[in-house]
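The values are calculated or read from the model by the stated rules, or taken from the named source; none is laboratory data. The model shown is predicted, which means the values in this text are computed figures rather than measured ones. We place every Cβ from the backbone using ideal geometry, glycine too, and count neighbours over all the protein chains shown.
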Amino acid sequence: MIDYKRLAEAETHPTRLDLLEALEGKGDVSTAELTQSLDSTTNHLTYHLGVLEGKGLVTFVKEEQVGPETHRYFRLARGDGA
């Protein structure tokens, strides 16, 4: 079940809404992919992903080293509390 209060709080910033929409219907998505698709910076998106994660709306999945870059992967959190 969706927690609409948490969702509404998270959506008060346009970047967070963009992130939720970008993750919808997808599996694990890297910060690099999100940076490219949303035409933003990694630092900016990482901050907002952290806010969404803190509200239980997205889940950090894994971290991979790709050359000199660290890619963090996120997905939408399941709405059933699992």
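Can you confirm whether residue 63 is free of Cβ contacts under 8 Å to residues at least 24 places away in the same chain and more than 22 Å from residue 13 (Cα to Cα)?
Yes; evaluated as a whole, the condition is true for this residue.
Could you figure out which of (1) part of a helix (DSSP H, G or I); (2) modelled with pLDDT under 90; (3) not hydrophobic (A, V, I, L, M, F, W, C) isn't true of residue 47?
Only one criterion is unmet by residue 47, namely (2).
Which is crowded, with 17+ Cβ neighbours inside 10 Å, modelled with pLDDT of 95 or more and not aromatic (Phe, Trp, Tyr), of 34, 76?
34
Restricting to the range 31-82, name every residue that is among the polar types (S, T, N, Q) and under 10 Å from the mean Cα position of the chain (by Cα).
Answer for the range 31-82, where residues must be among the polar types (S, T, N, Q) and under 10 Å from the mean Cα position of the chain (by Cα): 31, 46, 59.
Taking the range 35-50, which residues are touching a residue at least 24 places away in the same chain (Cβ under 8 Å) and either aromatic (Phe, Trp, Tyr) or touching a strand residue (DSSP E or B) at 6+ places or on another chain (Cβ under 9 Å) (or both)?
Hits for the range 35-50 are 46, 49.
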